[in-house]
Structure formats: structure tokens, C-alpha cells
Amino acid sequence: MDNILEIRGLSKTFRAGFWLRKVRALRDVSLTVRENEIYGFLGPNGAGKTTTIKTILGLIFPDSGKITIMGKDYRDISTRRYIGYAPEQPYFYEYLTAYEFMKFYGSLFSIPSSELKRRIPMLLDMVGLGGKESLQLRKFSKGMLQRIGLAQALINDPKFLILDEPMSGLDPIGRREIRDLILALKKSGKTVFFSTHILSDVEMICDKVAIIIEGEIRKEASLSELLSIDYNEVEVVFKGGNKSIKDDLKKIGLLMKDIDDTCYMLVSKSDISKTVDVIRLGGGDILSIIPKRRTLEDIFIKEINC
Amino acid sequence: MRLLSIALNTFKESIRNKILIGVLLFSVLIIISTMALVQLTIGQWMKITVDIGMGAISLFGNLMAVFLGINLVAKEIDRKTVYTIVSKPIKRYEFIISKYIGLLITIFINVALMFVILLIILKYYISYEVPYIGTIQAFYLLLLEFMIISAIAIFFSTFSTPIMSAAFSITFWFIGHLLSDLKFWSMKSESEGFKLLINTVYYLLPDLELLNLKSNIVYQITVDMKYILWVSCYALMYSVLLIAASIVVFEKRDFK
Ligand SMILES: Nc1ncnc2c1ncn2[C@@H]1O[C@H](COP(=O)(O)OP(=O)(O)OP(=O)(O)O)[C@@H](O)[C@H]1O
Ligand SMILES: [Mg+2]
């Protein structure tokens, strides 16, 4: 059972507006989340991230497609025992205190209250809400609501977490805390699937990424695969050498910077040996040769534009 | 246990939401204001207090049923709180039933409080020997009415906007109370078609006047337990049907 979530051929059409015009929110979406992965579900606004997540949880019904969670059909309610879900922009029961709120969700899983007494303060602490037990939720800030949404998702000690934009509304320190929390969850053996449109979140912690644009999965790969595939250029840094090597090098690649005596060159992969020869014959000293990886941003922008 | 906590949560939310406290205070004021009525014979005084008191209980119970009922589920969808519940090991029908029970508990506790206050006024202030059986019967039948009205409000709210649902529910309540009169007058009508129409409507919709025993308190009359049992089944049948219909609509609904 190493596939936690499998989505195959998921499509969903909404009818919106007075004329019930069709909006195709998802087209033939397929993806696979494996056990103990941190899976980033990346897409711009309106791409279909929330729609996909809501379908997985049975909140909306797809037109077609198959979803399997831990080997069972997603409509099998027994799978929900092992899932934790935090919705985007959560609104909760305003009149409950943080503790009552957590207790309510705990009781939905029939967790005994002695266990809840132990677990709730621990979870609130974990999301940075320690000491806020008796504050009513209507007195919470946006970021605090986001955090308690996350705490709520952890109440049943789930194997699989589905988080819809868990870092939105958080300050930079908060984002970092949540990133660390997700990494800690992975360490304790859990699988995390989260959506975002912030590239750096994904780049920093994900094992695997899917890029969804206009309801279609454009790419699904491990992060290292995605970032290292088809890199064509390397950056060569060298020092010294006679005057003429720079003219020779300009014919091979792009001379970017020339600071003090140190030069930075950008050359294509196939020209590495040629460049090295020129520098060494000209008496230069090579300091480093670094493959120029694409960032996720490059990939993302390219996918959006095509 | 899981379902009970949804029901209790519904109750807690509406109690902490100060609206209900306002409703309660207002109703207490109405009852107390009857005591300010001056210069009446004891009999008249008692009768007016019973009328106004039971009328206030009926009014506020029904208002709660309609206005809490239409928002009960709609608010949860609007606020997206339903997302976190339905995505847990809770079936949608369990959610509806628990919310409904939570609403009934809320209404019951509020009107029971009003009822106890009314009894205290009657007994100690007006010194009326309250006919307990008849009074409790009248109160119980009111609860049955609230049960039906809550169910109708929930039913309408599963497929229409809160304002439309409120309008539908109140219309339904009016017709429910007019039905027996309508039937009575249609008997005298010449037109067979009209008679048939009224008869059909009569058997389709609940006759809420069957649940009105308020005057029995004044006249010290009690009804047979058979009647109580029969109207209980009658009210239960309508409520169950309406909640079942709400569930059918709710089960297929996209939360968006
Ligand atoms: N209830 C709805 N009725 C009609 N169209 C909808 C509805 N919900 C979503 N859509 C459409 O489906 C598409 C996907 O929406 P979705 O909310 O899944 O995007 P998202 O990727 O979560 O975006 P965001 O980053 O802004 O949260 C959008 O084009 C949106 O207009
Ligand atoms: Mg979204």
C-alpha cells in the first residue's frame, strides 16, 4: 500500500451564472501521491486546486474519474479516519473557544476525552497557539484561524494530510513555522498533500510536484527531476589569464560579469571542454563550473505561457 | 456520541449567539406586561394571561423554528464549516439529523423556560389553580408544531435561499392553521372541484389546528391520551418525511 492517493481521469464541470454556463474546472486530472511524500499541488488562482481537493473529500461530485485513497474508493467513509483536512480561508464556529473547537472535532472521531485532554494542548502548541485555549474563535486573527484549521486537521492523528493553501495569510515567520511543521509531519511518517501558488514553499519542502493550470495537470514529477531535467547551461567562473581569452570566450558563450579579476561566464553544456581549454591556454585559473538549474519559477512561467 | 456532539454544538452556537437571549427577554416582558393589565376579574385576568402567554410561546417557538431552521444548514455551507464536518467520518444524513435534533433541543429549552415562567405567574401571581394535565398537553402539542415547522424550514433551505425559505415556511405555517377552516367552508361550497382541491390539500399538508389545545387550559379540559398519541404520530410522520426529503436533496448537493 504505497500509493496513498490515486486520481485517474477526474473531470468536473460547474454551471455558473444566470444562464448556467458551463465552466470546466477540471479536465482529466490524474495524479499519484505515494506514502510519506510531501506533495506540492501548484497552480495559479482559479486553476482547480480547491476543486480537486474538495472532490477528494467528497464535498463535490465529479462528472467522471476515479479516486482511490489507501486502496479504497474515496466514497468509502472509513478512509476519512486516516485523513486530516484543512480548508482554505477557514471560517469556524465563532462562539467556541479554541479548546471547545478542538474537542468538537475530536468527538467527531469518537476520541475519548481523556485522550483529547492530552492531545489538544499539544496540537495547539504545535501550531503556535499555546495559551489560547480559552479564547473564542471570533477573537482570532486570520493567521490564527489558519493555524487552528491546521490543528483541527491533526486531531485524529491522520496518516494523510490534505491542506488547501496552508500558508496563506501567514507572515514570513508563520510560513516558515508551517513549513517546518510539514517537514516534521513527514518525519513522523505522515503523507502531506498541499496546494499553493507560492513557488518557494514548494521548492523548499516538496518531494513531488504537480502543476495544474486551467484544470489540467501540465506536469507531475519529483522536484529534483523537475529542476534538473534539460539543464543546458553551466556557469563557469575563472580568474586571471591574458587579454585575448575574453575575446575568444565571447565567441563561445555569454560573458556576464567581470568583477575585479574574477569573470563569470554562461556557456552551453556542449561547450564546456572548449571553454575550459581556452581559459587554461590563456593562463586563467578556473574557480568553479556550476550547472545552471532552472528554478521552479522558470518552469511555472513556461507552463502558464504555453 | 459523534452525532450528539454536532447537536450540542448547534445548541451551544445558538445560545451564545445573543439573539436568543433577546428573544427570551422579549417574551418574558410580554408575559409580565399582562400582569400590568388592571381592573379585571380574576377569571378574565387568567384567561388573558393564558392567551398571551401561550400565544407568545407559540409565536417565539415558531419564529425560532423558521429563522434558526432556514439558517441551520445554509449558514454551515456559507461559512464552510460543513467542509470540515462532512470530510470527517460523518455521513451527510447524519449531519442533517444531528443539526435538526440540535435545533429541537434549542427550541425546547427556550420555550420550556418560558412555559415554566408562565406557570409560576399563573399559580403564584394570579392564584389560578392550573389544570396541570391540560396545560402540559397544550404545551406538548405546541412542541409538536415546532417540530414540523423546523423540519419544513430545513427542507426549504436545502434548495432555496434563506429569504425564500423563510417566506415559504411562514406561508406553510399560515396554511397549516387555516386548513381546518378551509375544509369547513369548502363543505358548504357548491363546486365539486373546489371541494376536491381543498380535500387534497388538506390531506397533503399538516393541519396545525389539530395541535392547538390552548383554550383547554382556560376551560380546564383534558383530551384523551389516544388523541395525544395520534397527533404525535401525525406530527412525527410529517417531520420524518420532510427531513427525509431534505436528506435526499442534501446528499446530492455540491458544496461550493
Ligand atoms: N461554485 C462554483 N461555481 C462555478 N464555478 C466554479 C465554482 N467553484 C469553482 N469554480 C471555477 O472552477 C475553477 C477552479 O476553481 P478553484 O477554486 O478550484 O481554483 P483554485 O486553484 O483553488 O484557485 P485559488 O488559488 O484562487 O484558490 C475556476 O475557474 C472557478 O471559476
Ligand atoms: Mg483554492
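The values are calculated or read from the model by the stated rules, or taken from the named source; none is laboratory data. For clarity, every value in this text was computed on a predicted model and none was experimentally measured. Note that each Cβ is placed from the backbone with ideal geometry, even for glycine, and that neighbours are counted across all protein chains shown. When the accessible area is computed, the model is the full protein with side chains, heavy atoms only, and any ligands, DNA or RNA have been set aside. Shrake-Rupley method; radii C 1.70, N 1.55, O 1.52, S 1.80 Å.
Helix B:192-204 and the longest principal axis of the Cα set of chain B meet at an angle near 70°.
Computed from point charges on the beta carbon alone (+1 for Lys and Arg, -1 for Asp and Glu), the dipole magnitude for the protein assembly as shown about its Cα centre is near 220 Debye.
The portion of the accessible surface of region B:2-252 made up by carbon and sulfur, rounded to a whole percent, is 75 (1.4 Å probe; DNA, RNA and ligands excluded). Every helix of 4 or more DSSP H residues in chain A counts as -39500 (n - 2.57), and over all residues that averages to -10000 deg cm²/dmol at 222 nm. Summing both sides, the accessible surface hidden between B and A at a 1.4 Å probe radius is close to 3000 Å². Report summary: the helix-based calculation at 222 nm, which adds -39500 (n - 2.57) for every DSSP H run with n ≥ 4 and divides by the residues of chain B, gives -27500 deg cm²/dmol.
Residue ranges B:188-195, B:230-237, A:71-78, A:198-205 sort as A:198-205, B:230-237, A:71-78, B:188-195 when ordered by packing (mean number of other C-beta atoms within 10 Å per residue, highest first). Rounded to the nearest 20, the Cβ-based charge dipole of region A:175-298 about its Cα centre (Lys and Arg +1, Asp and Glu -1) stands at 220 debye. Inverting the pair-averaged 1/r between distinct Cα atoms of chain A gives 22.2 Å as its Kirkwood hydrodynamic radius.
Helix B:132-157 and the longest principal axis of the C-alpha atoms of chain B enclose an angle of approximately 30°. Cross-link check: pairs A:LYS159/B:LYS75; B:LYS99/B:LYS252; A:LYS159/A:LYS208; B:LYS80/B:LYS252 evaluated at a Cα-Cα cut-off of 22 Å; pairs beyond the cut-off: A:LYS159/B:LYS75. Over 30 Å apart at the Cα level, from the set A:LYS190/A:LYS292; A:LYS22/A:LYS190; A:LYS246/A:LYS292, are A:LYS190/A:LYS292; A:LYS22/A:LYS190.
For chain B, the longest principal axis of the Cα atoms and the long axis of helix B:92-120 meet at an angle of about 20 degrees.
Annotation: amide H of A:ILE212 within the under-5 Å range of A:LEU42, A:GLY43, A:ARG218, sequence separation 5 or more or interchain, hydrogens built in the peptide plane. Rounded to the nearest Hz, the phi-derived 3J(HN,Hα) couplings of region B:50-63 under the Karplus curve 6.51 cos²θ - 1.76 cosθ + 1.60 (θ = phi - 60°) are 4, 4, 5, x, 5, x, 5, 4, 5, 4, 6, x, 5, 4, where x marks glycine and proline.
Near the amide H of A:LEU135, within less than 5 Å, lie the amide hydrogens of A:ALA98, A:TYR99, all on another chain or at least 5 residues away, with H placed in the peptide plane. Dipole check for region A:3-226: with +1 at the C-beta of Lys and Arg, -1 at the C-beta of Asp and Glu, and the Cα centre as origin, the magnitude is about 460 Debye. By the Cα gyration tensor, region A:233-294 has an equivalent ellipsoid whose semi-axes, rounded to whole angstrom, run 17, 12, 10 from largest to smallest. Candidate cross-link partners of B:LYS183 among the lysines, defined by an alpha-carbon separation under 26 Å and a same-chain spacing of 8 or more, comprise B:LYS195, B:LYS214, B:LYS226. DSSP assigns beta bridges within the protein assembly as shown; of those with both partners inside it, close to 70 percent run antiparallel.
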